[in-house]
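This report concerns only the one structure given below.
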Amino acid sequence: MRYSRPKKTIIRIEVSISQIDGFPNHPFKVINDDSMQELVQSIKENGLIMPAIVRKKDDGRFELISGHRRKMACKLAGLEKMSVTVRELDRDSAIITMVDSNMQRDKILPSEKAFAYKMRLEAMNRQGERSDLTSSPLGTKLRSDELLSEKVGESRNQIHVRLTELLPEILKMVDENTLGFRPAVELSFLNIQEQQDLLETMESEERTPSLAQAQRMKRLSADGQLDME
């Protein structure tokens, strides 16, 4: 005899915005830019078309899993309540759902993707899944960073996670497209002091390393012979 698992309860309700807390360590930025203002205007004219996703907290409040931009837009539109879908999720399942849903955004910074993938992979590891064999959650087509991941024998997600090892100032250069993704991955293997010395060199010379230079720095660092001179 087969036993089917009971379905998790999913409820759609209207909730006071003041009762909805943001997701802890949410890696995606929420900015009041032109795109946000377009969303605000859409909500004023048509209401919130797609409900946010939340889960119930032990204190009776709600934790926002997907819909941080929608929450801000609703507040800017002057709404006191917003439509949400309440899902029964444990902490790690909530993290995975949060990351996967936000990966559908049109624009995602490398730093956002890096910390999001890190959170997701850590959650998957706690659940006992093989993160090294896991593909992109959205099944996106093969890209240059996936080719890189095949070359080094790691998943594309883990390649992005390497960026979290960079100093914030260097990671910002990746976000601003002044430092390439692949050189940045190589530089992430430098220790903190080496990265600090490199940062000072880049600022003084107003230049960033090429991929070949970054690869050489990584090799020298591994051998304990890296000198910024």
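A few notes on this one:
- Highest average packing first - 174-186, 21-33, Cβ atoms within 10 Å: 174-186, 21-33
- Gyration tensor (alpha-carbon) shape descriptor, region 56-111, a/c threshold 1.5: oblate
- Charge sum, other residues only, whose C-beta stays under 15 Å from GLU206's C-beta, Lys/Arg counted +1 and Asp/Glu -1: -4
- Accessible area in the full protein assembly, largest first, 1.4 Å probe, for ASP223, ASP58: ASP58, ASP223
The values are calculated or read from the model by the stated rules, or taken from the named source; none is laboratory data. All figures in this text were calculated on a predicted structure; none of them were measured in a lab. Cβ coordinates were reconstructed from backbone atoms using ideal geometry, including for glycine residues, and neighbour counts include every protein chain displayed. Please note that ligands, DNA and RNA were not included when accessible areas were found on the heavy atoms of the full protein model with its side chains. Shrake-Rupley method; radii C 1.70, N 1.55, O 1.52, S 1.80 Å.
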